Number of protein chains: 4
Amino acid sequence: MNKGRLEAFSDGVIAIIITIMVLEMKVPHGDTIESIKPLLPVFLSYILSFIYIGIYWNNHHHMLQAAHTVNGAILWANLHLLFWLSLVPFASGWLGENHFTAWPVALYGIVLFMNGFAYSILASLLIRHHGKDSFLARAFGKDWKGRISVIIYAIAIGTAWLWSWVSFGLYVVVALMWLVPDRRIESKLPVGGLTEE
Amino acid sequence: MNKGRLEAFSDGVIAIIITIMVLEMKVPHGDTIESIKPLLPVFLSYILSFIYIGIYWNNHHHMLQAAHTVNGAILWANLHLLFWLSLVPFASGWLGENHFTAWPVALYGIVLFMNGFAYSILASLLIRHHGKDSFLARAFGKDWKGRISVIIYAIAIGTAWLWSWVSFGLYVVVALMWLVPDRRIESKLPVGGLTEE
Amino acid sequence: MNKGRLEAFSDGVIAIIITIMVLEMKVPHGDTIESIKPLLPVFLSYILSFIYIGIYWNNHHHMLQAAHTVNGAILWANLHLLFWLSLVPFASGWLGENHFTAWPVALYGIVLFMNGFAYSILASLLIRHHGKDSFLARAFGKDWKGRISVIIYAIAIGTAWLWSWVSFGLYVVVALMWLVPDRRIESKLPVGGLTEE
Amino acid sequence: MNKGRLEAFSDGVIAIIITIMVLEMKVPHGDTIESIKPLLPVFLSYILSFIYIGIYWNNHHHMLQAAHTVNGAILWANLHLLFWLSLVPFASGWLGENHFTAWPVALYGIVLFMNGFAYSILASLLIRHHGKDSFLARAFGKDWKGRISVIIYAIAIGTAWLWSWVSFGLYVVVALMWLVPDRRIESKLPVGGLTEE
């Protein structure tokens, strides 16, 4: 099955997710600097969430470029990932609204954790579909970065009730770790990506 | 007429529908687990609706891949389907807001019923356009799955006033029935789908 | 200049416009049939507006298929059309909220009028760009349908203060008139549309 | 790396940004001309912001058409630009809500300034990626227009507290300056844009 429409649909959903998050920043009624000050934590969580969605788009883009075709299970694994990505605006809005207190910080971590988990399912199915010796399998390797990320998310969920700012710091650390695009794939990929044979 | 822009436009609309549904989950003001508990039914109906929209995207994707070209009537049948799909977020929001009581459950069923109906009109027009001996016609066959679905929806609409949870259960059953992608088409389709000759 | 990205961007904007209109139908709090009854006029104006946006997408699709390339002025004429289309959800929401009273009916007509006007500017620029003897120019012809539409809109704006339901009826008449896709272009266009030479 | 999906994703995000801005124009409850009069400043700032987003889409379109391929840094510079563009609806809504008073006018200028800055980073990275003698580098030249724009934005931010309407006038001037599409690239570009070699 052709991967083109899967990419187009995912791009559409991710583009909408990344953009509707900004709607959580409600326009205040006053016209002074004080009236937008309360939006600062919302803005902070918007920046972090924007970067996370950007990372997922980036990695999704790279992974799909290394894919030849997709199948029905992959379509659903992709929808599953999009489902968890679609919860980021909600988690992000709750985080900003409540100034990074325990429960919102924990929920944000849970959503990130599920996204990481959904992404690894998608990756596994793509690798199984292309074979263990495929370019995709070799480029993806052991996925240490992905494994470490979900472990850090799990730790951050645990620390949310003790020191919620530590958890938030851990989310920032993981984001920085991924800001570098997935060179595993980029460095080995012929210009223009792989296409069906 | 080229099918490319029809696919692209449908992808766009479906991507927006699936994503704006999450806006029904309004960020609560409190920061405790109690403050998000009331959102649980909204979340449940979001999951179900997400799966339904995913199913439609999936089947739409498969059906259009088996199509060569489209005509004016098909464009409108497609817009008609998108119209009923666009009502899913409203029906879903009302369902979640009211904890699966009679009228919201019935309305949800009516919207699903009309979607199934609109989809079968689109399928019929595509088959007529490609001919009875076309690949599309053979792959689509008698469409038992589609027929059974609308019958179950009709039953569920009827039971909504008696046992609304039974109706909800029936919607889940139909969703599970369709979660398997449309193998009728996938199994017979050359990689990359059909294109204009 | 390539027309591909113009089509893709227009598809995106039109897909969003047609979908966010449904957000005007706010989920009511009650769970009875009475609680959604007040939404009936909103639903009626949603149907009409959905059809209008569908007509514009359809005609835009046909017109661009007949085009080879675009230039800077065409890009802006297209954005100008998208601007007026983007006001349809607002006009439609106001119409439904106020049960088709004078001012909302008139404003709806003004927005439709400006859309018709913006579309004809876009068409003129496309024809000038392709030449008077081009396929596009011959297919578009004198554009009687477009001219009659804007005249009817103008009449409907005038009657809004006397008999607002007559105006609404006129909007329905124009919509029905256009529901037939633009056969002028479809009938003469080779399958797949024209592409750059 | 292929530029196609970068273009598609950017188109999606920009299409959503330009469309959700209209949601700031909340449907009023009354049905008289007086009830929509308070929306006039919101409408004015919507027009200006629509034109600005249109300009960015236009220039982005031209610049990418002149590009062959992209790399990881360019993907992030593009996301950085999309981030600042995504703040335009918020800044625009605050501007309209407060009738062009000092702080909202200044914030609007800051967002425009950051957009201009983000665009020039993207342009620099694209030029570095393609080489100083590339078509892109020659077409972009010294970018006087971009430099003058950010200087005017900086002045307008300063004057916001003294004469906020002067600042607003300066934003209009820059917009008019850019309404002409980027002929530097258009005039020299082969029809259809450059593609990978």
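Output yes when any residue across segment C:57-71 is at pLDDT below 90, open to solvent by less than 10 Å² (accessible area, probe 1.4 Å) and within 14 Å of chain D (Cβ to nearest Cβ), and no when none is. Checking segment C:57-71: at least one residue is at pLDDT below 90, open to solvent by less than 10 Å² (accessible area, probe 1.4 Å) and within 14 Å of chain D (Cβ to nearest Cβ). Out of D:P104, D:P89, D:P38, one residue alone is assigned to a helix (DSSP H, G or I) and either in contact with a Lys or Arg (Cβ under 9 Å, 6 or more places away or on another chain) or at pLDDT below 90 (or both). It is D:P38. Among (1) crowded, with 20+ Cβ neighbours inside 10 Å; (2) of a type outside the set (D, E, K, R); (3) at pLDDT 90 or above; (4) over 29 Å from B:N2 (Cα atoms), which single condition is B:S164 missing? Among (1) crowded, with 20+ Cβ neighbours inside 10 Å; (2) of a type outside the set (D, E, K, R); (3) at pLDDT 90 or above; (4) over 29 Å from B:N2 (Cα atoms), B:S164 violates only (3). Figure legend. Inter-residue proximity from segment B:19-32: first residues without any contact (Cβ under 8 Å) to a residue 60 or more places away in the chain, second residues among the small types (G, A, S) and open to solvent by less than 10 Å² (accessible area, probe 1.4 Å), beta-carbon distance below 7 Å, spacing 6+ or different chains. Indicated pairs: B:T19/A:S86; B:V22/A:S86; B:V27/A:G93. Inside segment A:138-172, residues that are within 16 Å of A:N59 (Cβ to Cβ) and assigned to a helix (DSSP H, G or I) make up a count of 10. Comparison of A:S120, A:S124 shows that the only residue that is farther than 23 Å from A:G158 by Cα, open to solvent by 10 Å² or more (accessible area, probe 1.4 Å), in a helix (DSSP H, G or I) and of a type in the set (G, A, S) is A:S124. The single residue among B:H80, B:H99 that is in a loop (DSSP other than H, G, I, E, B), within 13 Å of chain C (Cβ to nearest Cβ) and not aliphatic (A, V, I, L, M) turns out to be B:H99. Take the conditions (1) in contact with a Leu (Cβ under 9 Å, 6 or more places away or on another chain); (2) modelled with pLDDT under 90; (3) within 12 Å of chain D (Cβ to nearest Cβ); C:S45 misses just one of them, which is (2).
If you go through segment D:13-27 and keep only what is open to solvent by 20 Å² or more (accessible area, probe 1.4 Å) and either touching a Leu at 6+ places or on another chain (Cβ under 7 Å) or of a type outside the set (A, V, I, L, M) (or both), you end up with D:E24, D:K26. Say whether the condition of being closer than 18 Å to D:S92 by Cα, modelled with pLDDT under 90, facing chain D (nearest Cβ under 7 Å) and part of a loop (DSSP other than H, G, I, E, B) is met by at least one residue in segment A:15-25. For segment A:15-25, residues closer than 18 Å to D:S92 by Cα, modelled with pLDDT under 90, facing chain D (nearest Cβ under 7 Å) and part of a loop (DSSP other than H, G, I, E, B): present.
If the condition is being touching a residue at least 60 places away in the same chain (Cβ under 8 Å) and of a type in the set (S, T, N, Q), then segment A:90-114 contributes A:S92, A:T101. A search for C-beta distances below 7 Å between a residue of segment A:155-170 that is over 13 Å from A:P104 (Cα atoms) and any residue that is assigned to a helix (DSSP H, G or I) and β-branched (V, I, T), counting only pairs 6+ apart in sequence or on different chains, returns A:V166/A:T159; A:L170/A:I152; A:L170/A:I155. Filtering segment C:81-90 for residues that are touching a Pro at 6+ places or on another chain (Cβ under 8 Å) and either surrounded by fewer than 24 Cβ atoms within 10 Å (Cβ to Cβ) or under 24 Å from C:A139 (Cβ atoms) (or both) leaves an empty set. Within the span defined as segment D:67-88, one or more residues are closer than 18 Å to D:I121 by Cα, without any contact (Cβ under 8 Å) to a residue 24 or more places away in the chain and among the aliphatic types (A, V, I, L, M).
Can you find a residue in segment A:129-139 that is within 17 Å of A:N2 (Cβ to Cβ), open to solvent by 20 Å² or more (accessible area, probe 1.4 Å) and free of Cβ contacts under 8 Å to residues at least 60 places away in the same chain? No, segment A:129-139 contains no residue that is within 17 Å of A:N2 (Cβ to Cβ), open to solvent by 20 Å² or more (accessible area, probe 1.4 Å) and free of Cβ contacts under 8 Å to residues at least 60 places away in the same chain.
The values are calculated or read from the model by the stated rules, or taken from the named source; none is laboratory data. Treat the numbers as computed from the prediction; the structure is a model and nothing was measured. Because the Cβ atoms are built from the backbone with ideal geometry, glycine has one as well, and the counts that use them run over all protein chains shown. To get the accessible areas, we keep the full protein, side chains included, count just its heavy atoms, and leave off ligands, DNA and RNA. Shrake-Rupley method; radii C 1.70, N 1.55, O 1.52, S 1.80 Å.
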